[in-house]
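K.L.:
Before we start, here is the structure in question, set down as structure tokens.
The values are calculated or read from the model by the stated rules, or taken from the named source; none is laboratory data. On a predicted model such as this, the values are computed, not experimentally measured, just so you know. Here Cβ is always computed from backbone atoms with ideal geometry, including for glycine, and neighbour counts include all displayed protein chains. Accessible surface areas use protein heavy atoms only, side chains included; no ligands, DNA or RNA. Shrake-Rupley method; radii C 1.70, N 1.55, O 1.52, S 1.80 Å.
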Amino acid sequence: MTESRSNNISISKAQLSELPTVSYTGYISVIDTEEAAKSALFFLNNQKIVGFDTETRPSFRKGISNNVSLVQISTMNHSFLFRINKLGFTDELINFIENPNITKIGLSLKDDFAVLRKIASFEPKGFIELQSFVKNYHIVDCSLQKIYAIIFNERISKSQRLSNWEADALSAGQQTYASIDSWACLRIYLHLKNGKFEPLNSIYLNNPANDI
């Protein structure tokens with residue numbers, strides 16, 4: 001006898017593909033100098049809550065992986081893209097990650113921490129894992145793209161995911177993609193935390209489109 005679903009919320013790939021693409025209208029700062037990093041972190045250290053993500057240049061060779069290229073930290077209207085491949089994983093950035101007084105929202109954080117620890121050791125503090133948090137709202141999908149779609153009925157484009165994050169200059173498309181990933185984590189968390197999502201009213205509740 002199989003266990004029946006009870007108020008599970010999920011979205012199918014077909015439903016996801018039909019949604020409009022999300023747009024990002026906030027400010028974007030590409031941080032690739034020590035001076036810019038100190039200025040950005042001075043601002044971010046005065047925030048109470050931010051979104052967090054990383055990007056790594058893809059490797060298309062089996063068994064070969066690259067170090068983190070980018071760390072994204074976002075408020076609701078400003079995303080800071082720290083080019084780790086140019087700056088290094090600085091002490092100031094490590095101190096921010098270890099600051100327990102700033103809440104940081106991310107998804108698949110274990111993976112982010114694992115790749116960052118290839119560069120330097122640190123003890124992350126103040127982090128909230130979205131994959132765990134959304135379960136409180138009956139959302140069983142784990143990807144940022146699907147979670148965002150369930151809540152906001154918009155689709156995050158993944159067209160830049162496998163692009164070169166160590167290019168001399170990040171393209172406008174790369175900057176927007178990277179900004180959305182960290183910003184979306186924060187937006188999801190605040191929307192749920194503020195009681196703006198009612199699970200039992202979701203159109204994806206016990207979604208028949210996902211039945212086999």
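K.L.:
Please report the relative contact order for the stretch 1-155, taking Cα pairs under 8 Å with a sequence separation of at least 6, and give it as a percent rounded to a whole number. Don't jump to the answer; show the numbers that get you there.
P.N.:
Details: 218 pairs, mean separation 46.1, N = 155.
30 percent.
K.L.:
Ok, one more. Just to confirm the number: angle between the C-alpha axis of helix 34-44 and the first principal axis of the chain, 0 to 90 degrees, nearest 10?
P.N.:
40
K.L.:
For PHE113, PHE42, give me the order by solvent-accessible area with a 1.4 Å probe, most accessible first, ignoring ligands, DNA and RNA.
P.N.:
The ranking, largest first, comes out as PHE42, PHE113.
K.L.:
A further question on this structure: Could you order HIS191, HIS138 by accessible surface area, starting with the largest, using a probe radius of 1.4 Å? Let's see the in-between values first.
P.N.:
Working: HIS191 40, HIS138 70 Å².
Descending accessible area places them as HIS138, HIS191.
K.L.:
Return one whole number: the accessible area per residue of the chain in Å², for a 1.4 Å probe. Provide the component values of the computation, followed by the final result.
P.N.:
Working: 11150 Å² over 212 residues.
Heavy-atom SASA per residue in the chain reads 53 Å².
K.L.:
Could you work out [θ]222 nm for the chain from helices alone, using -39500 (n - 2.57) per DSSP H run of at least four and dividing by all its residues? Round to the nearest 500 deg cm²/dmol.
P.N.:
Computed mean residue ellipticity for the chain: -9000 deg cm²/dmol.
K.L.:
Placing +1 on the Cβ of each Lys and Arg and -1 on the Cβ of each Asp and Glu in the chain, which of LEU200, ILE31, LEU93 has its Cα farthest towards the positive end of the resulting dipole?
P.N.:
Checked the options; the winner is LEU200.
K.L.:
Something else about it: With a 1.4 Å probe and every protein chain kept in, tell me what percent of the accessible surface of the stretch 45-189 is carbon plus sulfur.
P.N.:
45
K.L.:
Tabulate in residue order the Karplus-calculated ³J(HN,Hα) for the stretch 10-16, using 6.51 cos²θ - 1.76 cosθ + 1.60 with θ = phi - 60°, rounded to whole Hz; enter x for Gly and Pro.
P.N.:
7, 10, 7, 4, 5, 5, 4
K.L.:
To the nearest 10 degrees, how steep is helix 172-193 against the longest Cα principal axis of the chain, on a 0 to 90 scale?
P.N.:
The two axes meet at around 60 degrees.
K.L.:
Another question, then. Rounded to the nearest 20 debye, what is the charge dipole size of the chain about its Cα centre when +1 sits on each Lys and Arg Cβ and -1 on each Asp and Glu Cβ?
P.N.:
It comes to approximately 300 debye.
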